[in-house]
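Note sheet for the following structure.
The values are calculated or read from the model by the stated rules, or taken from the named source; none is laboratory data. No experiment lies behind these values; they were computed from the predicted model shown. Cβ sites come from the backbone with ideal geometry, for glycine too, and all protein chains shown count toward neighbours. Ligands, DNA and RNA are stripped out before the accessible areas are found, and what is left, the full protein with its side chains, is counted by its heavy atoms. Shrake-Rupley method; radii C 1.70, N 1.55, O 1.52, S 1.80 Å.
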Amino acid sequence: MSRYVVLACALLGLAGVVAGGPARGEDLVDLVHPLIGTGGGPIGYGRTMPVVTPPFGMTGWVAQTRQSGHPGLSYYHKDRSISGFVGTHQAALWMGDYGEVVIMPESGAARSGVAERALPFSHRDEVARPDYYRVVMGPEGRAIRAEMTAAAHAALFRFTFPAGAARRVMVEASRPGYAGGVRVDEAKGEITGYDPRRSDADLGPLKLPQFRGYFVVQFSRPARMSVYPAMPPPDGATDRERGAFATFDPGTDAVEVRVGTSFISVEQARENLRREIPGWDFEAVRRTLHDAWQEKLGRIAVEGLDDAQRHIFYTALYHALLYPRSLSEYGRYYSAFDDRVHEGASYTDFATWDIFRAEFSLLTLVAPERVGGMIQALLQDYRQGGWMPKWPNPSYTNIMIGTHADSLVAEAIGKGFAGFDRSLAWEAVRKDATVPPDGDATNDWRDRKPGTPYEARGGLGHALRLGYIPADRTAEAASSTLDDAYDDWCVAQVAKAVGRRTEYEHFLRRSMDYRTLFNPATGFMQARKLDGSWAGPDAGWTEGGKWVYTFDVLHDVGGLIGLMGGRAALAARLDRYFDGNYDWHSNEPSHHVPYLYDFVGQPWKTQARVREIMRTEYADTVSGLDGDDDCGQMSAWYVFSALGFYPVNPASGVYMIGSPLVSRARLRMADGAVFTVVADRNGADDPYIRSAMLGGAPLPVPMLTYQDMMAGRTLHLVMAARPGRWGARWIAPGLR
């Protein structure tokens, strides 16, 4: 039992084919339904897109049913026309795109406007897969068949035209009002250009005059080429052509088009294309992409799921493996933090407020070879821009609160990952925790407030004096105070790892500042004003409220139990939370809450709640995600929960046990070990755990560790139709 007490203390912040692969011959890519989450319906709108790209690909390719914005994605399932195929870098509805390029086949008259060139389509004529997309567009008898596949920085299209009409391909470099441009070279059969548009241009402090999304487009057939002008030309633009047409002879039935992209230069886009799609073999490119997805999806093999659950599971894994997006271009990358090109590798589109909860933890299991590079990318951003970013898109955006890159760094260090500078990591997280951002004394740090300095921990200057962020000085103050307390715990872990014992103890103490917001008169967390008085109960929250955020103490659940008055009191509050329909699974702050029953001696309620959430909040439909997927977090929750465990405190390396959907699962770890989950007598009506063993020994507590997985142990559960007492005797240490 002592081993598990130590593990519990770590969780609470109080103490110092092939085995594992898919079945032989099973095509896991077939199980992915990229249209899940692309439209609204009874469950919700997951705000995903059916992008064709490799895992972590720099550029994704998707049919453009509408022009993206922030908010607004390029693809929405309820739309009925397509105006192009966009090489997108958009990670979420609220972020917008940057440096994109659009390709559109046309017949008849040349049309450059979005509405004028759009062609109707039916989802009956659409195939969407991670490695391939196909659609038939246009009126009957004059329809164009479009197919595409892709590589990390490039795409290959195959357009089949109707007989008897003009055949052309439009290339859109930039929208009206933006100073992008194209050049045509008929002799080379090539259109090149760039797009300087980035949606985060007004959301962060950096201007980035050198930012460009470059591209090169090549054709398999000779073409006559022409440009079309910006209407009206953007102010001060030197390039007034924002697009071009390649027109083919009337006898040309089909044309292949390959596109290379880059953030470095046109020459680098051409080099990326040469390396990834040197010829015109569409099926060979597709096979390569298919195999890349098959390998990654095969890191987890599952049994016991019905067809719909298998589709949901592997689609969720597909979503989780899209981000963060790689920025590496064969040994170089463009930095949106100092506007220069560097040697090395990088990543962007870290939605840290979302993904620190489970998505990043999932990547440590299924993409461990990427983790060190991802952390190094955050540290490069720190070195080049002054801070680790919250959500780079590709630069600072000031989107969301907290400095949850601290959690990613702490988790990577705690799990023993290498490939980044630990001293620099300590320097970066320490700055997050100790240096108020510029203008902190006077800026209220409202979300998406344009023209502000980088936010970091907005309100930190007040918190250093008061122990909390005052709601009458800083927006989202209550949520920020709670999030910053967790991040302080993470900073403490980094300090400990680099031998800074004094700083470790300091930040560990400071991580208890969440207690300043607990109002004993109401039993809820509540914002405070500068003078120490309570603000209104609805003041200071971020995408949630008092019911959700009262449980936002990931690093010290034992302390929360003490504030509440004991295990029974917290259990009763959790019952009211769920029975009163206060759970808001469509947003991330609620994701850990059903697992808190594990801490209060009622793990059977965790088991029942997570089964119910998986059943009601996820489906094999276009509305199968109830809320923004946000770079894979919503999907990662499902992957973990279907396997039977979840990282309540992700930086601890400890996972709380829920109720698996699988009867068996095998996770292939980085060193070749296989962690196995076995759930005997499991079924839709058997959500409860009767008994558990780990590595052949009885498991008395509802938790396991990253080390257990790396050791290749087996978690063996016996399920039942009625609640049992397994795990109920565990008492979380540190109760106050």
- Taking the stretch 381-394 and keeping only residues that are in a helix (DSSP H, G or I) and surrounded by fewer than 24 Cβ atoms within 10 Å (Cβ to Cβ), one is left with TYR382, ARG383, GLN384, GLY385
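So how many residues does the stretch 669-682 have that are within 30 Å of the chain's Cα centre (by Cα) and not hydrophobic (A, V, I, L, M, F, W, C)?
Qualifying residue count for the region: 3.
Taking the conditions exactly as written (open to solvent by less than 10 Å² (accessible area, probe 1.4 Å), within 29 Å of the chain's Cα centre (by Cα) and among the small types (Gly, Ala, Ser)), does ALA128 satisfy them or not? I'd like the intermediate steps shown before the answer.
Values: open to solvent by less than 10 Å² (accessible area, probe 1.4 Å): no; within 29 Å of the chain's Cα centre (by Cα): yes; among the small types (Gly, Ala, Ser): yes.
Criteria not met by ALA128.
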- Item | Candidate set from the stretch 409-453 (those that are farther than 24 Å from ARG357 by Cα and polar (S, T, N, Q)); member that is surrounded by the most Cβ atoms within 10 Å (Cβ to Cβ) | THR452
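ARG465: out of contact with any strand residue (DSSP E or B) (no Cβ under 8 Å at 6 or more places or on another chain), crowded, with 17+ Cβ neighbours inside 10 Å and of a type in the set (Lys, Arg), yes or no?
Details: out of contact with any strand residue (DSSP E or B) (no Cβ under 8 Å at 6 or more places or on another chain): yes; crowded, with 17+ Cβ neighbours inside 10 Å: no; of a type in the set (Lys, Arg): yes.
Taking the combined requirement at face value, the residue does not satisfy it.
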- In the set MET231, MET225, the lone residue that is at pLDDT below 90 and hydrophobic (A, V, I, L, M, F, W, C) is MET231
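Looking for whichever is closer than 21 Å to ARG111 by Cα and at pLDDT below 95 here; the options are THR252, THR238. Which one fits? Quick ask: steps written out before the conclusion?
Values: THR238 fails: closer than 21 Å to ARG111 by Cα.
Residue meeting the stated conditions: THR252.
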- State all residues of the stretch 582-596 that are within 18 Å of GLY523 (Cα to Cα) and open to solvent by 10 Å² or more (accessible area, probe 1.4 Å); if no residue qualifies, say none. TYR582, ASP583
- Task: Could you figure out which of (1) in contact with a Pro (Cβ under 6 Å, 6 or more places away or on another chain); (2) open to solvent by less than 10 Å² (accessible area, probe 1.4 Å); (3) farther than 22 Å from GLU617 by Cα isn't true of SER81?
- Result: (2)
- Do we find a residue being within 23 Å of ALA636 (Cβ to Cβ), open to solvent by less than 20 Å² (accessible area, probe 1.4 Å) and assigned to a helix (DSSP H, G or I) anywhere in the stretch 331-348? no
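Could you please give the count of residues in the stretch 349-379 that are open to solvent by 10 Å² or more (accessible area, probe 1.4 Å) and part of a helix (DSSP H, G or I)? Step through it out loud before you land on a result.
The first filter runs over the stretch 349-379 and keeps only residues open to solvent by 10 Å² or more (accessible area, probe 1.4 Å), leaving 357, 368-370, 373, 376.
Keeping just the survivors that are part of a helix (DSSP H, G or I) gives 368-370, 373, 376.
Result for the stretch 349-379: 5.
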- Query: Does the stretch 480-487 contain any residue that is surrounded by fewer than 20 Cβ atoms within 10 Å (Cβ to Cβ), at pLDDT 95 or above and out of contact with any Leu (no Cβ under 6 Å at 6 or more places or on another chain)?
  - Reply: no
- Message: Here is a list: ARG134, ARG158, ARG111. Which entry is open to solvent by 10 Å² or more (accessible area, probe 1.4 Å), touching a strand residue (DSSP E or B) at 6+ places or on another chain (Cβ under 8 Å) and modelled with pLDDT under 95?
- Response: ARG111
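Kindly evaluate THR621 against the criterion of being modelled with pLDDT of 95 or more, part of a loop (DSSP other than H, G, I, E, B) and either closer than 30 Å to GLY544 by Cα or over 23 Å from the mean Cα position of the chain (by Cα) (or both). Let's see the steps before the verdict.
Details: modelled with pLDDT of 95 or more: yes; part of a loop (DSSP other than H, G, I, E, B): yes; either closer than 30 Å to GLY544 by Cα or over 23 Å from the mean Cα position of the chain (by Cα) (or both): yes.
Judged against the criteria, THR621 is a match.
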- Query: When the stretch 161-180 is examined, which residues are found to be within 28 Å of TYR333 (Cβ to Cβ) and either modelled with pLDDT under 90 or of a type in the set (A, V, I, L, M) (or both)?
  - Reply: VAL171, ALA173, SER174, ARG175, TYR178, ALA179, GLY180
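Within the group LEU560, LEU517, LEU508, LEU570, which residue is buried (at least 19 other Cβ atoms within 10 Å of the Cβ), touching a Phe, Trp or Tyr at 6+ places or on another chain (Cβ under 8 Å) and under 25 Å from ILE413 (Cα atoms)? So that I can check it myself, show each step before the final result.
Details: LEU560 fails: under 25 Å from ILE413 (Cα atoms); LEU517 fails: under 25 Å from ILE413 (Cα atoms); LEU570 fails: under 25 Å from ILE413 (Cα atoms).
One residue alone meets the criteria, LEU508.
Answer with yes or no whether ALA456 is surrounded by fewer than 17 Cβ atoms within 10 Å (Cβ to Cβ) and small (Gly, Ala, Ser).
So ALA456 does not fit the description; no.
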